[in-house]
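Colleague: Below: one structure in structure tokens.
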Amino acid sequence: LAAVRSTVPGAVTMEKITEYKDASSYNNFYEFGTDKSDPAQNAHTLKTRPWTVEVEGLVKKPGKYAIEDLLKLSAQEERIYRLRCVEGWSMVVPWVGYPLAKLIEKVEPLGNAKYVEFLTLADPKTMPFVGSRVLEWPYAEGLRMDEAMHPLTLLTFGMYGEVLPNQNGAPVRIVVPWKYGFKSAKSIVKIRLTEQMPRTAWNKAAANEYGFYSNVNPNVDHPRWSQATERRIGEDGLFAKKRKTLMFNGYEAQVGQMYAGMDLKKNY
Amino acid sequence: MARALLHPAPKPLVFVLSLLPFAWLVYGAFADKLGANPAEYLSRATGDWTLRFLCLTLAVTPLRVMAKLPTLQRFRRMLGLFTYFYVFLHFLTWAWFDQGLDPGEMGKDIAKRPFILVGFLSFLLLTPLAATSFNRAVKAMGAKRWQALHRIVYAIPFTAILHFFWMRAGKNDFAEVAVYAAILAVLLGWRVREALRRRKGVGVAARAQATSRPS
């Protein structure tokens with residue numbers, strides 16, 4: 001998947017890139033199982049063609065986009081982002097995609113659109129764990145309008161220069177680098193602009209543990225564990241001290257102003 | 001069968017078999033065969049093996065009685081000590097890889113996470129059992145007191161399953177927990193049944209004695 005390297009501030013970290021084998025075999029994608037090796041084993045059943053993404057809600061021009069058209073909607077860029085999972089591990093992944101803003105501008109949001117909701121595929125025929133009681137399906141995520149329009153929020157089609165492997169959310173996913181990984185919904189089929197804050201899958205499952213914002217924040221612990229440190233997959237040895245987690249996953253300069261004046265302990 | 005078990009070979013064989021999971025983990029750690037997150041793999045594997053050895057240890061007595069193979073008893077201590085071996089490694093993976101052997105951090109983590117607290121408690125409870133497992137300890141304590149102390153082991157299935165249950169609660173994924181819980185329930189249930197039967201037996205004998213007393 002051809003792309004040019006992005007020039008957006010913060011879009012390319014110089015850190016060591018996680019090995020492809022680790023990034024494509026250690027995944028959370030509960031539709032294919034809750035063990036981190038499950039998605040790589042089970043996701044081959046996912047059919048990524050034909051694929052359409054429906055954009056609807058508070059927009060002037062709602063529409064259904066075939067994946068082929070979506071791929072061509074804007075120039076593909078390479079972005080090298082840190083990825084921090086809420087479970088306390090992290091990776092550095094070179095993604096391929098373009099800002100979600102390009103698609104949202106296209107459908108012309110109405111003045112009262114305040115949030116963007118993402119709904120992902122929930123097909124029990126190809127996704128063996130859809131129907132399990134772990135989460136409510138389809139998997140739902142959401143962003144505030146300014147977050148969705150932020151130049152770092154990436155509508156993502158590939159990684160490591162190739163199209164996304166199924167287990168990483170093929171054929172199209174979202175990547176929001178300053179939030180915990182679960183905010184970056186995979187295998188998206190619907191994008192809906194709303195006035196009300198959308199409920200998200202993890203918020204429905206455990207509201208006291210997973211808030212709407214879920215910004216990476218070393219100062220706000222998960223109720224059951226600390227978020228102050230993380231282990232970089234494939235890099236931090238067994239006996240190495242874990243590395244310190246950065247505010248907004250190191251993207252504070254780019255995104256911090258969106259949360260100015262907000263109590264991030266309350267809006268976790 | 002009974003004779004085969006008395007042979008000197010089975011004991012070293014069980015010993016070597018019990019070390020195989022450990023050998024695999026050491027090899028895997030050095031040969032980079034434990035996946036993307038080796039620390040997590042080691043932590044989970046040592047936890048799994050602790051549970052498995054706990055089941056094996058608690059299975060010795062019911063098997064011995066049901067199969068009428070008293071010689072099986074020879075393996076109980078070794079299996080119990082391997083349970084402790086794996087729970088100690090399990091504790092170490094947490095203390096070292098997760099907490100960097102920092103006592104302050106460990107204390108905070110125990111206070112913060114109930115499943116860590118219960119796991120740590122299980123490890124603590126097993127420690128005196130391992131420490132008094134040798135023959136001289138039995139002699140020094142006296143069989144009665146030694147036995148009373150070692151009844152602690154009956155609390156471990158409860159704390160271990162709670163630890164495992166809470167750990168999996170984040171993903172609402174309880175299939176494996178249920179399997180171990182069922183096995184341990186059978187092993188403890190058998191003991192409860194035996195105890196009830198013995199008490200009833202004693203009761204019947206006492207009544208029989210009372211009625212046969214000459215008036």
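The values are calculated or read from the model by the stated rules, or taken from the named source; none is laboratory data. Please read all numbers here as calculations on a predicted model, not as lab measurements. Cβ atoms come from the backbone with ideal geometry, glycine included; neighbour counts cover every protein chain shown.
Colleague: For residue A:170, state whether it is more than 14 Å from chain B (Cβ to nearest Cβ), in a loop (DSSP other than H, G, I, E, B) and among the aliphatic types (A, V, I, L, M).
Modeller: yes
Colleague: Okay, next question. I'm trying to understand the selection: among the residues of segment A:190-230, which are within 11 Å of chain B (Cβ to nearest Cβ), surrounded by fewer than 17 Cβ atoms within 10 Å (Cβ to Cβ) and closer than 17 Å to residue A:133 by Cβ?
Modeller: A:205, A:206, A:209
Colleague: Of the numbered conditions (1) part of a loop (DSSP other than H, G, I, E, B); (2) surrounded by fewer than 16 Cβ atoms within 10 Å (Cβ to Cβ), residue A:253 fails exactly one; give the number of that condition.
Modeller: (1)
Colleague: A further question follows. Within segment A:32-58, track down each residue that is under 21 Å from residue A:133 (Cα atoms), in contact (Cβ under 8 Å) with a residue 12 or more places away in the chain and in a loop (DSSP other than H, G, I, E, B).
Modeller: Of everything in segment A:32-58, those that are under 21 Å from residue A:133 (Cα atoms), in contact (Cβ under 8 Å) with a residue 12 or more places away in the chain and in a loop (DSSP other than H, G, I, E, B) turn out to be A:33, A:34, A:37, A:46.
Colleague: Can you tell which of A:102, A:183, A:179 is more than 25 Å from residue A:222 (Cα to Cα) and at pLDDT 95 or above?
Modeller: Of A:102, A:183, A:179, the one residue that is more than 25 Å from residue A:222 (Cα to Cα) and at pLDDT 95 or above is A:102.
Colleague: Look at residue B:72 and say whether it is among the hydrophobic types (A, V, I, L, M, F, W, C), closer than 22 Å to residue B:186 by Cα and modelled with pLDDT under 95.
Modeller: It is true that residue B:72 is among the hydrophobic types (A, V, I, L, M, F, W, C), closer than 22 Å to residue B:186 by Cα and modelled with pLDDT under 95.
Colleague: Sticking with this structure for a sec: Pull out all pairs, ordered by first then second residue, where Cβ-Cβ is under 7 Å, the residues are six or more apart or on different chains, the first lies in segment A:186-200 and is touching a residue at least 40 places away in the same chain (Cβ under 8 Å), and the second is of a type in the set (S, T, N, Q) and in a strand (DSSP E or B).
Modeller: A:186/A:120; A:187/A:120; A:188/A:120; A:189/A:120
Colleague: Which numbered condition trips up residue A:64, out of (1) under 30 Å from residue A:84 (Cα atoms); (2) not in a loop (DSSP other than H, G, I, E, B); (3) not β-branched (Val, Ile, Thr)?
Modeller: Just one mismatch for residue A:64, condition (1).
Colleague: Here is a follow-up. Checking the conditions here, which among B:164, B:174, B:115 is closer than 30 Å to residue A:225 by Cα, in contact (Cβ under 8 Å) with a residue 40 or more places away in the chain and more than 15 Å from the chain's Cα centre (by Cα)?
Modeller: Among B:164, B:174, B:115, only B:115 is closer than 30 Å to residue A:225 by Cα, in contact (Cβ under 8 Å) with a residue 40 or more places away in the chain and more than 15 Å from the chain's Cα centre (by Cα).
Colleague: Residues in segment B:97-110 that are assigned to a helix (DSSP H, G or I) and either of a type in the set (Asp, Glu) or over 19 Å from residue B:167 (Cα atoms) (or both): how many?
Modeller: Matching residues across segment B:97-110 total 5.
Colleague: Still on this structure: Among the residues of segment A:70-79, are any part of a strand (DSSP E or B), at pLDDT 95 or above and closer than 30 Å to residue A:220 by Cα?
Modeller: The answer is yes; a qualifying residue exists.
Colleague: Under the condition of being assigned to a strand (DSSP E or B) and over 21 Å from the mean Cα position of the chain (by Cα), which residue from segment A:231-250 is surrounded by the most Cβ atoms within 10 Å (Cβ to Cβ)?
Modeller: A:243
Colleague: Please find, among A:18, A:13, the residue that is within 14 Å of chain B (Cβ to nearest Cβ) and β-branched (Val, Ile, Thr).
Modeller: Of the residues listed, the single one that is within 14 Å of chain B (Cβ to nearest Cβ) and β-branched (Val, Ile, Thr) is A:18.
Colleague: Take the residues in segment B:118-139 that are of a type in the set (S, T, N, Q) and either in contact with a Lys or Arg (Cβ under 9 Å, 6 or more places away or on another chain) or in contact (Cβ under 8 Å) with a residue 24 or more places away in the chain (or both); name whichever of them is farthest from residue B:73 (Cα to Cα).
Modeller: B:122
Colleague: I've got another one for you. Please find, within segment A:86-112, the residue that is nearest to the other protein chains (Cβ to nearest Cβ) out of those that are of a type in the set (A, V, I, L, M, F, W, C), more than 19 Å from residue A:170 (Cα to Cα) and not in a strand (DSSP E or B).
Modeller: A:86
Colleague: Of all the residues that make up segment A:120-135, how many are within 11 Å of another protein chain (Cβ to nearest Cβ) and more than 11 Å from residue A:34 (Cα to Cα)?
Modeller: The number of residues fulfilling the criteria is 1.
Colleague: Of all residues being away from chain A (no Cβ under 14 Å), without any contact (Cβ under 8 Å) to a residue 12 or more places away in the chain and in a loop (DSSP other than H, G, I, E, B) in segment B:1-57, which is farthest from residue A:21 (Cα to Cα)? Just the residue, please.
Modeller: The selected residue is B:7.
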